[in-house]
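Quick note: the coordinates plus some simple rules give every number you see, no bench work behind them. This is a predicted model, so every value here is computed, not measured. Positions of Cβ are backbone-derived with ideal geometry, glycine not excepted, and every protein chain shown enters the neighbour counts.
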Amino acid sequence: MLRAMNWITRGAAALSCAILLLIMAGSLQESRQLPTFSESVGLAFFPVGVMLGMIVGFRYPMYGGCVTLVSLIAFYSWHLVVAEALPSGPFFALFGLPGVMFLAVGWLSNRQRSAPL
């Protein structure tokens, strides 16, 4: 069960990263301007920090899940400060969902390892 959940989580993370990379590539192709400093801070949290967390999660699920969720929370906080509103729609959170799944996999695997024989 845990092995299947781990592979489902990895697949969701890979899909999320692939979609984010496609969006980033399209955005770079469309815009010829460099992002401002404030925009660069936001981009460091989402999508870069979120994707970095998912990549780390492939090897270390708990750490990767933490990096993903901290990056997502930092992005929402940054957006709230800059735009004085939270991002609309569920899409940013959906891209971070594999981070929650990595945390669950890491927690279950730690629990399984520490279970008495």
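Quick notes on this structure:
- Cα gyration tensor, region 11-58 - rounded (a/c under 1.5), prolate or oblate: oblate
- Value of Rg to Rh for region 33-99, rounded to two decimals, is 1.01; Kirkwood radius and Rg both from alpha-carbon coordinates.
- Computed on region 2-114, with alpha-carbon pairs under 8 angstrom and 6+ residues apart, the relative contact order is 32 percent.
- Restricting region 8-112 to chymotrypsin sites (Phe, Trp or Tyr not before Pro) that sit in a DSSP loop and have at most 11 other Cβ atoms within 10 Å of their own Cβ leaves nothing.
- Pairwise FRET efficiency - SER40 versus ARG113, Cβ, R0 = 41 Å, nearest 0.05: 0.55
- Sparse-neighbour loop sites [trypsin sites (Lys or Arg not before Pro); region 1-74; at most 12 other C-beta within 10 Å; DSSP]: ARG32
- Think of each Lys and Arg Cβ as +1 and each Asp and Glu Cβ as -1; about the Cα centre, that makes the dipole of the chain roughly 600 debye.
- Dipole of the chain, positive direction: furthest Cα of ALA4, GLY49, LEU21, with charges on the beta-carbon: ALA4
- Within a Gaussian network of the chain (alpha carbon springs, distance under 10 Å), most fluctuating of MET24, MET54, MET101: MET24
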